[in-house]
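Student: Structure incoming, see below.
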There are 2 protein chains.
Amino acid sequence: MINDLILKNIARHISLDKEETACFISSLKQRKVSKKEFILQGEEVCKYINFVHSGTLRAYYLDKAGKESTIMFAVSDWWITDIFCFINQQPAMLTIEAVEESIIFQLSKDELDRLYIKIPKFERFFRVIFQNAYIREQLRTIQNLSLSAEERYHIFLNKYPQVVKQVTQKQIASYLGITPEFLSTIRGHKHKK
Amino acid sequence: MINDLILKNIARHISLDKEETACFISSLKQRKVSKKEFILQGEEVCKYINFVHSGTLRAYYLDKAGKESTIMFAVSDWWITDIFCFINQQPAMLTIEAVEESIIFQLSKDELDRLYIKIPKFERFFRVIFQNAYIREQLRTIQNLSLSAEERYHIFLNKYPQVVKQVTQKQIASYLGITPEFLSTIRGHKHKK
DNA sequence: TGAAAAAAATAAGGTAGTTTAAGAAATTCA
DNA sequence: TGAATTTCTTAAACTACCTTATTTTTTTCA
């Protein structure tokens, strides 16, 4: 069944009975997103937190000069949103785009707030989700501050092999905070030796 | 009363009755930390999440070469820990040091886990705390990727005026990911015009 | 208080990473 | 399929930021 993956994701941290499961499932919108389609863009308010059932999405910041900075990739079994704008229900800072055709489940802020009240276990679930997200971001900050681009690149390759398969060098460069040209020279180093 | 500040901090997101308040307070250890004293260091396991009642603390990563990268500052009314090592109860990655004489409340991982069970409202409380921490870290990542050191410095001055008063230029530089020498030249720019 | 230590400023030379440009390779889609 | 678009590579010139060194200023603490 298509809901199995998201239910297994939830079950990793809390257990729901039948009724709760039904309630949760009914709060979701399933959506198919084609390659290069945006699920969040421009001045639009970020209404949803998204669970990736299949496919790959990318969230990036676009500055006035047109430079993209990739904030995160999300593959199957990951959650992704513009967290700041989702929580405050204000115009998006990030653009979220499908890197390949994907199926996602969308949970709106309203539904989530209702869920917190109706099934308080979801406080625990998202406490763990945000705790892990915070840990990941903090590790990334440590690496951004203390490592060279080349070291960060190799860590990325090891940490996210699934992502590496789906995205372009250009997108990886924008995640690492370097230009595609410089990433290309880094990649050159490996084979030289 | 010395507990007022932490109780007001909690009350911002959840409300506790008398008994719950007493239970929470009894799970805390109060501690006075003098300037330059460490509350987490070296290979020590990170046992506590810390609430700063008064004073200023700093968490930093120390690499093999001896370079410090400041991960966060915490002033009065903030929470600070080495979140990765606290959650996994493993040897610390970060060093946490008092920038000035401080009074903190320490909540151990064991006590926190007990609290989650006894008073599930704390799941909500820390869900909000971690959600906000995640938002802050993500904004920092966006800035690290898209802005110059000079822009990041001015944002830091505006965002954390309280911190700026207590810490050295050297510590701010290590938060921004630049050398103190370069921060000094940035500061020079302002007056030149 | 004053000697020692730490922090901050200034400056010169160096390097990691950028910019611009142009060609080669891979991907897209009518 | 093949023309158009995008991505990747290479390379040379450039710049933001680093390193090392020295001096000045501020802080520490016996």
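Student: Normalise the Debye intensity by I(0) for chain A, one equal point scatterer per Cα, no solvent, then take log10 at q = 0.13 Å⁻¹ and round to two decimals.
Tutor: Cα-only, vacuum Debye calculation for chain A: -0.75.
Student: Straight-line reach only, C-alpha to C-alpha below 28 angstrom: list the lysines that B:LYS170 could link to, leaving out same-chain residues fewer than 8 apart.
Tutor: B:LYS32, B:LYS35, B:LYS36, B:LYS64, B:LYS67, B:LYS159, B:LYS190, B:LYS192, B:LYS193
Student: Follow-up question, since we're still on this one. Let me know the charge dipole size of chain A about its Cα centre in debye, to the nearest 20, where only the beta-carbon of Lys, Arg (+1) and Asp, Glu (-1) is charged.
Tutor: 620 debye
Student: Pull up all non-local amide H partners of A:MET72: gap of 5 or more, or a different chain, and H-to-H distance under 5 Å with H placed in the peptide plane.
Tutor: Under 5 Å from the amide H of A:MET72 lie the amide H atoms of A:ALA59, each far enough along the sequence or on another chain.
Student: Here's something else I'd like to know. For A:LYS36, which inter-copy label distances result when the label point lies 7 Å beyond Cα on the Cα-to-Cβ vector, reported in nm to one decimal and in ascending order?
Tutor: 6.1
Student: Using θ = phi - 60° and the Karplus relation 6.51 cos²θ - 1.76 cosθ + 1.60, list the HN-Hα couplings for the range A:128-141 in order, rounded to whole Hz, with x at every Gly or Pro.
Tutor: Along the range A:128-141, the couplings run 5, 4, 6, 4, 5, 5, 4, 4, 4, 5, 5, 4, 5, 4 Hz.
Student: Residues of B:116-128, mean number of Cβ from any other protein chain within 10 Å of their own Cβ, rounded to a whole number?
Tutor: 4
Student: Report, in debye and to the nearest 20, how large the dipole of the protein assembly as shown comes out about its Cα centre when Lys and Arg carry +1 and Asp and Glu carry -1 on their Cβ.
Tutor: 680 debye
Student: Then there's this: Which of A:PRO180, A:LEU145, A:ILE104 sits closest to the plus end of the dipole of the range A:97-193, meaning its Cα is farthest towards the positive end, when Lys and Arg get +1 and Asp and Glu get -1 on the C-beta?
Tutor: A:LEU145
Student: If the cut-off is a Cα-Cα distance under 20 Å, which lysines reach B:LYS29, setting aside same-chain residues fewer than 8 apart in sequence?
Tutor: Within reach: B:LYS8, B:LYS18, B:LYS47, B:LYS109, B:LYS118.
Student: In percent, what relative contact order does the range B:4-119 have, based on Cα pairs under 8 Å that are 6 or more apart in sequence?
Tutor: Across the range B:4-119, relative contact order equals 37 percent.
Student: How many angstrom lie between the Cα centre of the range B:64-137 and the Cα centre of the range B:4-35?
Tutor: 15 Å
Student: For a quick check: with amide H placed at 1.01 Å from N, whose amide H comes under 5 Å from B:GLU101's, ignoring anything fewer than 5 positions away on the same chain?
Tutor: The answer is B:LYS35.
Student: Under a Cβ-Cβ limit of 4.7 Å, which cysteines in chain B have nobody to pair with?
Tutor: Those would be B:CYS23, since no other cysteine Cβ in chain B comes under 4.7 Å of theirs.
Student: Quick one: label points 7 angstrom along Cα→Cβ at A:LYS170, distances to the other copies in nm, smallest first?
Tutor: The projected label point of A:LYS170 is separated from its counterparts by 4.5 nm.
Student: Beyond 36 Å, what share of the Cα-Cα pairs of the protein assembly as shown is found? Please give it as a whole percent.
Tutor: The proportion of pairs with Cα distances above 36 Å equals 28 percent.
Student: Do the sum for the protein assembly as shown: with -39,500 (n - 2.57) for every DSSP H run of n ≥ 4, divided by all residues, what is the mean residue ellipticity at 222 nm, to the nearest 500 deg cm²/dmol?
Tutor: -15000 deg cm²/dmol
Student: For the range A:22-29, just list the computed ³J(HN,Hα) in residue order, Karplus coefficients 6.51, -1.76 and 1.60, θ = phi - 60°, integers in Hz, with x standing in for Gly and Pro.
Tutor: Values per residue, Gly and Pro as x: 4, 4, 4, 4, 5, 8, 9, 10 Hz.
Since every read-out is calculated from the coordinates, none of them should be taken as a lab result. What you are looking at is a predicted structure, and each value in this text was computed from that prediction instead of being measured. When we count neighbours, we look across all protein chains shown, and the Cβ atoms used for this are built from the backbone with ideal geometry, even at glycine.
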